[in-house]
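The block underneath contains the structure these notes are about, expressed in structure tokens.
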Amino acid sequence: MGRLTEAEAAGGGASAARSAGTPPAPLPSTFTSPGCAATMASSEEDGTNGGASEAGEEREATGKRRRLGLLATPGSSLYNIAMTRGCSLFGWMVLGIAMVRFYMEKGTHKGLYKSIQKTLKFFQTFALLEIVHCLIGIVPTSVLVAGVQVSSRIFMVWLVTHSIKPIQNEESVVLFLVAWTVTEITRYSFYTFSLLNHLPYFIKWARYNFFIILYPVGVVGELLTIHAALPYVKKTGMFSIRLPNKYNVSFDYYYFLLITMASYIPLFPQLYFHMLRQRRKVLLGEVIVEKDD
């Protein structure tokens, strides 16, 4: 309000000077921020009064608070990413510890899947949020890479291992469980420490070296598990739709599994060579804008 009083006084002085035939005295220069100056200038050009100027300043301040809120509020995308990855890291570490404890106590892999299945199902399904983050653009991740990896694992957990209980004690199940667990602990450690701007070199090195062995091991475990499920699926006809039916549609889950196994041939190399390219860029020290794979 102090500025308005001075302006009115100056305006009154200028009017008196013009009526007396003398040139008006220049106004004293005052410092204003660029935002306030722009608001005041637009107010003068539009012929509005000082109240509109204050309203414009208030709207600009509100807009700035909203923009800052994108990074500062619990509902922000950064907060959601941090929480998602922190929870995922915690979950996979719990899963890894449970697997080690089970084997040390029982001395066998039989019964392992049953003992950790609830934790596995929850945190692997939780990974669907990664695809959502890609689709809405809050992380610069390839939707194809994230989609293939997450959907294939959810398929393995729910539609193969969970649904076909006779295969749960197969050694191939342990194979992909170990590969998944070590891979995810390494990957989410990399993401979490990166968000904290404190990334140990060993975590970075492990992220771009462990996958060279773990990815093929995981794929072999998945394929062997699907192969072990084929006789049971063919015998029981589970998830299959036979003709005739009122919808005139048929579906054979046995052949669907065969097609799924064949799809690894074109899809796995894309994921694997993508990681090899990222490894060359990151570990060779090139300056890159790295995508969140």
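Test E170 against the stated conditions and say whether it is closer than 17 Å to S151 by Cα, surrounded by 14 or more Cβ atoms within 10 Å (Cβ to Cβ) and of a type in the set (D, E, K, R). First the steps, then the outcome.
Numbers: closer than 17 Å to S151 by Cα: no; surrounded by 14 or more Cβ atoms within 10 Å (Cβ to Cβ): yes; of a type in the set (D, E, K, R): yes.
Against the criterion (closer than 17 Å to S151 by Cα, surrounded by 14 or more Cβ atoms within 10 Å (Cβ to Cβ) and of a type in the set (D, E, K, R)), E170 does not qualify.
Taking the condition of being surrounded by 13 or more Cβ atoms within 10 Å (Cβ to Cβ) and either in contact with an Asp or Glu (Cβ under 6 Å, 6 or more places away or on another chain) or free of Cβ contacts under 8 Å to residues at least 40 places away in the same chain (or both), how many residues in region 79-93 meet it?
Step one: of region 79-93, the residues surrounded by 13 or more Cβ atoms within 10 Å (Cβ to Cβ) are 79-82, 84-93.
Now drop any that are not either in contact with an Asp or Glu (Cβ under 6 Å, 6 or more places away or on another chain) or free of Cβ contacts under 8 Å to residues at least 40 places away in the same chain (or both), which leaves 79, 87, 90-92.
The total comes to 5.
Consider region 199-232. How many of its residues are touching a Ser or Thr at 6+ places or on another chain (Cβ under 6 Å) and open to solvent by less than 20 Å² (accessible area, probe 1.4 Å)? Quick ask: steps written out before the conclusion?
Step one: list which residues in region 199-232 are touching a Ser or Thr at 6+ places or on another chain (Cβ under 6 Å), which gives 203, 206-207, 210, 214, 221, 224-225.
Those still in the list that are open to solvent by less than 20 Å² (accessible area, probe 1.4 Å) too: 206-207, 221, 225.
Final tally of qualifying residues: 4.
Tally time: how many residues in region 134-151 are open to solvent by 20 Å² or more (accessible area, probe 1.4 Å) and over 22 Å from V219 (Cβ atoms)?
5
Can F90 be described as modelled with pLDDT of 95 or more and touching a Leu at 6+ places or on another chain (Cβ under 7 Å)? First the steps, then the outcome.
Working: modelled with pLDDT of 95 or more: yes; touching a Leu at 6+ places or on another chain (Cβ under 7 Å): no.
For F90, the condition - modelled with pLDDT of 95 or more and touching a Leu at 6+ places or on another chain (Cβ under 7 Å) - is not met.
Filter region 181-206 for residues that are free of Cβ contacts under 8 Å to residues at least 60 places away in the same chain and assigned to a helix (DSSP H, G or I) and give the result. Outline the logic, then answer.
So in region 181-206, the residues free of Cβ contacts under 8 Å to residues at least 60 places away in the same chain come out as 183, 186-187, 190, 193-194, 196-203, 206.
T183, T186, R187, F190, F193, S194, Y201, F202, I203, A206, listed by residue number.
The values are calculated or read from the model by the stated rules, or taken from the named source; none is laboratory data. Quick caveat, the model's predicted, so the values are computed rather than measured. Every residue, glycine among them, receives a Cβ derived from its backbone with ideal geometry; neighbour counts consider all protein chains shown. Side chains are part of the model used for accessible areas, which takes the heavy atoms of the whole protein and leaves out ligands, DNA and RNA. Shrake-Rupley method; radii C 1.70, N 1.55, O 1.52, S 1.80 Å.
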